[in-house]
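One structure is given below, encoded as structure tokens.
All of the numbers you see were taken from the coordinates with simple rules; none came from a lab. Please read these numbers as outputs of a predicted model, since none were measured by experiment. Neighbour counts are summed over all protein chains in view; Cβ atoms, including those assigned to glycine, are modelled from backbone coordinates with ideal geometry.
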Amino acid sequence: MERKTGGIWEALQAREVSRRDFLKFCTLMGATLALPSEGVGQIAAALENSERLPVIWLHMQECTGDDESVLRVNNPTVGELVMDIISLEYQEVLMASAGHQAEAMLEEAKQRYAGRYLLVVEGSIPTGEGAHYCTIGGRTGEDILRETAKDCAAIVALGACASWGGWPASRPDPTNAKGVYQIIHDKPVINLTGCPHNGVNAVATIVYYLTFGELPPVDARGRPLFAHGKRIHDNCERRAHFDAGQYVEKWGDEGHRQGWCLYKMGCKGPQAYYNCPVIRWNDGLSWPVKGGHGCIACAAFDFWDSMTPFYGRLPEVPVFPVETTVDKIGLGLTAAALVGVALHAAGTFAWNRSKPAKTEPPPAEPDYDGGQTMVAMADTSEPEPPHDDQSDQSEEEGDGHGG
Amino acid sequence: MAMADRIVLDPVTRIEGHLRIEAQIDGGQITDAWASGTMFRGMEIILKGRDPRDAWLFTQRICGVCTTVHAIASVRAVEDALGIQVPPNARLIRNLIMATQAIHDHVVHFYVLHALDWVDVGSALTADPAKTADLAASISDWKGGVEYFRGVQQKVQKFVDSGQPGFLASAYWGHPAYKLPPEANLMALAHYLDALNFQRDFIRVHALLGAKNPHIQTLAVGGVVNPVDPNSENALNAQSIAFLRAKAREALDFINRVYIPDLLAIASFYKEWAGIGAGPGNYLSYGDYPSDGSGSPESLLLPRGRILGNDLGTVLPVEQDKIKEYVSHSWYDYSGGDGEALHPFQGETNPHFTGPQPPYDFLNVEEKYTWLKAPRYEDLPTEVGPLARMLVAYASGQPRVQELVGSVLENLGVGPEALFSTLGRTAARAIETLFIAEHVEGWVDELAGNMTTGDLRIHAGELWDPAQWPATAEGYGWHEAPRGALGHWIRIRDRQIENYQAVVPTTWNASPRDAAGQMGPYEQALVGTPIADPERPIEILRTVHSFDPCIACAVHLVDARGRAVSTVKAL
């Protein structure tokens, strides 16, 4: 079983991918990665000369939505291409083998590609006393992760759950679910957040890795800057309506049909950093705000707690540009929402729960007030579910200074 | 790995989630079997105290393969609790979203998850492309030809020769249970690749109607949030209708010219599997695809009903209060003792792991051995899924289903009893895909008609504001998910979720024993299955995959002290 040396370009030729399609793919990746134009040439050169990258893909507490997202990458011929750029050595959803033969493939891949394989993890990992909440072949997911991480080159945490715990880790975190970076500290980990992550970003990350030999630059949360450097609100196709004070007031009203701003329907775009509006989904066809629903900030850490209730209105969204006056904004904007109109730097990250942050602390930022203007959870006299320590924590969420 | 005659298959691959099968082998066949779900997350406790309008966004994330299904069941449950009836356009858009999911999911299951149980990739590499082209042309006019099949063969050969065969490597190639001639293997392998392309393109219907896939984002309690307006670029308009119509026709084309011919061709070599893999013989369908807002069973395209003991002469009604769950062999305790079953409204989930400490070789199957509960209808183990739906429709006299089932049986030269089997499940899934796909364009036309007559309503707005809600409410939402009957039960108090329960298709099918020791459908279906080589039990994969397992859904919840309060299961 000799490794081939022909490189990816040769493999692509065998699949009848034209040079033109190949360069188109490189250009698209370059654009997604926000590289300068010479970067496209570098990508092309790297892909032409690379062997297929060995990848071990582990499933933990997951829903397989992140696999499915990768299967949806849609650029003509490129979805298949992914199978030629990487070599899936172990992937439970797709692999032909099962049972102990599957486990043997995992062992063999770890040895054969020691120090060279990319580890992709999908799903959160129940840890410590909760480790028995996920077992595979009789072993805990935590054990398997630790052992498989030992000899990998780098780790891609795919989706919200692998990145920071996702919904299993949200209040009250029944299984002590963790993200990869909270368990593995001696390997580079990149967090492709999103629920699910967008498959285009995963492909772009892998292309970057093949091209430059390292993971792309990340923000304080370990998320790739190319995907999380810009605020959804600032790239939103409905932004002009926000600035003009034109808001959807009811599902299906005239404003909704005309594509007005969804802020009053609970859109979290002003607090969300993701390239969703730019790359969109399913071959660029749509994304949630285009579809007519507010953003739920699914690429933010902790969004299941910090961004809910989803239909509650974000308070204190600054009106931009700064010279806009209330009159210009028009009657659509309620006085309440104008409280605190103040321009502040970007970096609106709501960090509400005490979680070990691997890198620097989160940006001290505003001020997502976890509930005051959020009608449904407000003024309830009912206590939180019976978890005292947790409810204390949730009280703190209100001021947005957790972290 | 064997304890004399006990074999373990873990991980079961090409499914959603973490499933383990232990089976007792004697005389070359399975004499006893246990199915275990080995992963648990805890959705229901996480939902408690939250806004019921948010629930669908949470529950949808139970599963990313059958994405949409827990979303649909959830909004229906809240609407049932509050007495909300959605406008016609919302019903139509939901039907289209559900049908798209069913078609996509079934095609992906057949080709990506199930096909390699029947199709030997190793053998495909030895096929004669010219003979393959002849074979393909004899069953369908789908694209083919010598060059096409030679190209596929060369691509795969190159892939294998690369020394990095990756996910296509398998110790099962060459197993004596593979029966297809090399040419049929090559044809199916080519269509595996075609199916990957089809699914990527077809699911863009969800991008149009759901804003994205996986995990759509256009539902809302009370309807949908896709604006509809023929005169707006920012709404579903004439262009959208044209797109939907085109995709509906492409899907029908792929199913008629690829999926159905492949199913028949492959099945004709595996007819013995029409006598293997029978489940408990009890089938349940909640029914789905309403044609009006009445909520009545008569309005459903896929009929509601139950069949007992394989008796296609009688279709029994479905009553929600007859559904209960046992934990006698599941890692939970009931406060009233494990001998009783509980209805979802009264459900408890007190998880209590009593299995062997990992790493372990075998589960203690005499005691508790899984994270799945055991749902029962009037104490009977019951199978759900495409086979259950097609049987209920067939026995209910649904004319088109009778016609399709009849033609498949005739083509294969088998009688209706062949349906109660591994092969029957796989065939029923294909028949259902075609049946549903044939109705998609009708819903598109209806939506277009409403646009023309100016009915642009998409949402019942009156009860959107929780201030209008009663202090307490409870309800349930049913949906026929691709994998079978799905139900969500919700109790609302003071505008918050007080309790939330889901009883999920794979929980029905992959359930363990109950208090009376009755096996779940997977377990029962495995008993009697021949095993040619205990080291390579491909026959287990065939029967288990015929149910299309989705284990992520089979997960229950615990509170912060490690006590489960309620349960959510995986599809």
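Please give the contour-minus-distance gain from B:Asp445 to B:Gln357: 0.36 nm per residue of separation, less the Cα-Cα distance, rounded to one decimal in nm.
Taking B:Asp445 through B:Gln357 to full extension adds about 25.9 nm, to one decimal.
Please arrange B:Glu446, B:Glu340, A:Glu122 by how many other C-beta atoms lie within 10 Å of their C-beta, fewest to most.
B:Glu340, B:Glu446, A:Glu122
If I take R0 = 22 Å and measure r between the Cβ atoms of A:Ala31 and A:Asn235 in this structure, what FRET efficiency does the formula 1/(1 + (r/R0)^6) give, to the nearest 0.05?
Approximately 0.95, to the nearest 0.05.
With a point put 7 Å past each Cα toward its Cβ, work out how far B:Glu298 is from A:Ala45 in nm, to one decimal.
7.4
At 7 Å along the Cα-to-beta-carbon direction for both B:Asp32 and B:Asp533, put a label point, then send me their distance in nm to one decimal.
2.8
Write out the chymotrypsin sites (Phe, Trp or Tyr not before Pro) in segment B:370-416 meeting two conditions: DSSP loop, and at most 12 other Cβ atoms within 10 Å of their Cβ.
none
On average, how many beta carbons from a partner chain sit within 10 Å of the beta carbon of a residue in B:354-360?
Taking all residues of B:354-360 together, the mean is 5.
Just in segment A:221-271: which GluC sites (Glu not before Pro) are loop by DSSP and have at most 14 other Cβ atoms within 10 Å?
In loop regions of segment A:221-271 (DSSP not H, G, I, E or B), the sparsely surrounded GluC sites (Glu not before Pro) are A:Glu237, A:Glu249.
Given points 7 Å out from each Cα along the Cα-Cβ axis, report the B:Lys158 to B:Asn411 separation in nanometres with one decimal.
3.4
How high is the FRET efficiency from B:Glu319 to B:Ala471, r the C-beta distance, R0 22 Å, rounded to 0.05?
0.20
Non-local amide H neighbours of B:Asn350 (under 5 Å, H modeled in plane, Pro and chain starts lacking H): which ones?
So B:Asn350 has HN proximity to B:Asp333, B:Ala564.
In which sequence would A:Thr308, A:Thr148 go, from the one with the fewest C-beta neighbours within 10 Å to the one with the most?
A:Thr148, A:Thr308
Would you order B:His459, A:His197 from fewest to most other beta-carbon atoms within 10 Å of each residue's own beta-carbon?
B:His459, A:His197
For a Förster distance of 56 Å, can you work out the FRET efficiency between the beta-carbons of B:Lys143 and B:Gln346, rounded to the nearest 0.05?
Plugging the Cβ-Cβ distance into 1/(1 + (r/R0)^6) gives 0.50.
Past 24 Å, Cα to Cα, is the threshold; run B:Lys158/B:Lys271; A:Lys150/A:Lys178; A:Lys230/A:Lys290; B:Lys212/B:Lys247; B:Lys131/B:Lys158; A:Lys230/A:Lys264 against it and keep the listed order.
Violating the 24 Å Cα-Cα cut-off are B:Lys158/B:Lys271.
Students often get this wrong: which residues of segment B:76-96 have the backbone nitrogen under 18 Å from the point 7 angstrom along Cα-to-C-beta of B:Arg245?
Under 18 Å, as judged by backbone N against the label point of B:Arg245, lie B:93, B:96 of segment B:76-96.
Using θ = phi - 60° and the Karplus relation 6.51 cos²θ - 1.76 cosθ + 1.60, list the HN-Hα couplings for segment B:109-117 in order, rounded to whole Hz, with x at every Gly or Pro.
Running phi through 6.51 cos²θ - 1.76 cosθ + 1.60 with θ = phi - 60° gives 4, 4, 8, 8, 9, 9, 4, 5, 6 Hz.
Given H placed 1.01 Å from N in the peptide plane, which residues other than close sequence neighbours of B:Arg41 have an amide H under 5 Å from its amide H?
Correct list: B:His556.
Do the sum for chain B: with -39,500 (n - 2.57) for every DSSP H run of n ≥ 4, divided by all residues, what is the mean residue ellipticity at 222 nm, to the nearest 500 deg cm²/dmol?
Mean residue ellipticity, 222 nm, calculated: -11000 deg cm²/dmol.
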